[in-house]
Each structure stands twice: as C-alpha cells, then as structure tokens.
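J.: Input: one structure, supplied below.
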Amino acid sequence: MKRISMILLFMIMLPAASFTHERMTGGLNILLLAPIVYGNRTDSEVITKIQSKLNSYSTCYASNFTHDNAASFKIRFRYTILWNGKVSDIQILFSGTKNQGMTDCLTSILAQIAFDAVPKTEGNSVVEQSILFRYE
C-alpha cells in the first residue's frame with residue numbers, strides 16, 4: 001500500500017550553547033520533512049519516533065562540526081521498519097554533506113529506533129525521510 005504524505009515541517013531551534021565551541025553565535029535549526037511511508041505503518045507513528053531523536057541529531061552535528069566548519073545541508077534516508085519493530089536496510093539517498101562522521105552518526109541513531117511490533121502478516125514498511133540541518 002503506497003501512501004504519500006503531506007509535507008509537514010517540524011523545527012527545533014537549539015542554542016549555540018549546545019555546541020562545544022564557546023564563541024559560537026546563532027543556532028542550529030533541524031527540520032524534519034514528513035516521511036513517505038510505504039506499507040502499513042502510520043505516518044504519525046514514524047513522525048513520533050523520528051522526532052523523539054532530535055537531541056541526538058543535534059549531538060551528531062555538534063560532534064562533527066565546529067564554528068569554523070558549520071554548514072547547512074539536507075540528508076535523505078530510506079529505511080525499512082521490520083514487522084518486529086527493528087529498523088534495517090538504512091540507505092542514504094542524498095547527502096548534502098561530505099562529513100562521513102555525521103552520516104555515520106545519523107545512521108546509527110536511526111538503527112537504534114525501536115517501533116512497536118505488528119503482526120507478521122502486516123509485513124514490513126519502507127520509509128523515506130529527509131532531515132535538514134540549517135546553521136544560522
């Protein structure tokens with residue numbers, strides 16, 4: 001079953017103090033576009049789980065960028081939510097950064113997300129999700 005979601009934006013403004021560099025000004029905006037879900041999982045279930053990791057996404061950013069190399073970019077993922085709730089087959093469809101540490105960090109966060117199990121007969125769901133990082 002293919003469903004295409006309306007695009008929703010979720011934004012969190014994180015103060016520069018969340019970075020290790022003391023002289024940073026401005027902040028980081030993390031925008032999550034609504035996922036496109038193929039399968040029996042609901043958009044709201046996916047949004048809730050992805051949104052619950054916003055602090056982890058900002059930690060990835062702070063660990064991989066400093067004031068001197070702060071950047072704005074988008075990363076688009078495709079992943080499978082297995083019927084048992086585990087995330088697998090994480091692929092990066094598009095990356096606006098060449099910072100491998102950042103993409104590795106985000107991939108590991110996605111792999112840790114646990115969804116509720118559904119009956120095996122409902123099968124797996126495939127999700128496409130974009131995360132935008134905008135440093136101001």
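The values are calculated or read from the model by the stated rules, or taken from the named source; none is laboratory data. Model, not experiment: these values are computed from the prediction. FYI the Cβ positions are ideal-geometry reconstructions off the backbone, even for glycines, and counts take in every protein chain you see.
J.: Within the stretch 78-92, take every residue that is out of contact with any Asp or Glu (no Cβ under 7 Å at 6 or more places or on another chain) and under 21 Å from Y61 (Cα atoms) and give me the one that is surrounded by the fewest Cβ atoms within 10 Å (Cβ to Cβ). Spell out how you get there, then give the answer.
T.: Going through the stretch 78-92, the residues out of contact with any Asp or Glu (no Cβ under 7 Å at 6 or more places or on another chain) turn out to be 81-82, 84, 86-92.
Add one more test, that the residue is under 21 Å from Y61 (Cα atoms), and what stays is 90-92.
Numbers: I90: 15, Q91: 11, I92: 14.
Here the answer is Q91.
J.: Could you check how many residues of the stretch 93-136 are modelled with pLDDT under 95, among the aromatic types (F, W, Y) and exposed (fewer than 15 other Cβ atoms within 10 Å of the Cβ)?
T.: Qualifying residue count for the region: 0.
J.: Restricting to the stretch 68-108, name every residue that is hydrophobic (A, V, I, L, M, F, W, C) and in a strand (DSSP E or B). Let's see the steps before the verdict.
T.: Going through the stretch 68-108, the residues hydrophobic (A, V, I, L, M, F, W, C) turn out to be 70-71, 73, 75, 77, 81-83, 87, 90, 92-94, 102, 105-106.
Correct list: F73, I75, F77, I81, V87, I90, I92, L93, F94.
J.: So which residues in the stretch 94-105 are among the hydrophobic types (A, V, I, L, M, F, W, C) and touching a strand residue (DSSP E or B) at 6+ places or on another chain (Cβ under 6 Å), if there are any at all? Reasoning before the result, please.
T.: From the stretch 94-105, those among the hydrophobic types (A, V, I, L, M, F, W, C) are 94, 102, 105; that's our starting set.
Of everything in the stretch 94-105, just one residue is among the hydrophobic types (A, V, I, L, M, F, W, C) and touching a strand residue (DSSP E or B) at 6+ places or on another chain (Cβ under 6 Å), namely F94.
J.: Output the residue which, of all residues in the stretch 41-62 that are of a type in the set (S, T, Y) and assigned to a helix (DSSP H, G or I), is nearest to the chain's Cα centre (by Cα). Spell out the reasoning first.
T.: Going residue by residue through the stretch 41-62, those that are of a type in the set (S, T, Y) are 42, 44, 48, 52, 56-59, 61.
Within this subset, residues satisfying the condition of being assigned to a helix (DSSP H, G or I) are 44, 48, 56-59, 61.
Values: S44: 15, T48: 11, S56: 9, Y57: 7, S58: 10, T59: 12, Y61: 12 Å.
Ranking the candidates gives Y57 first.
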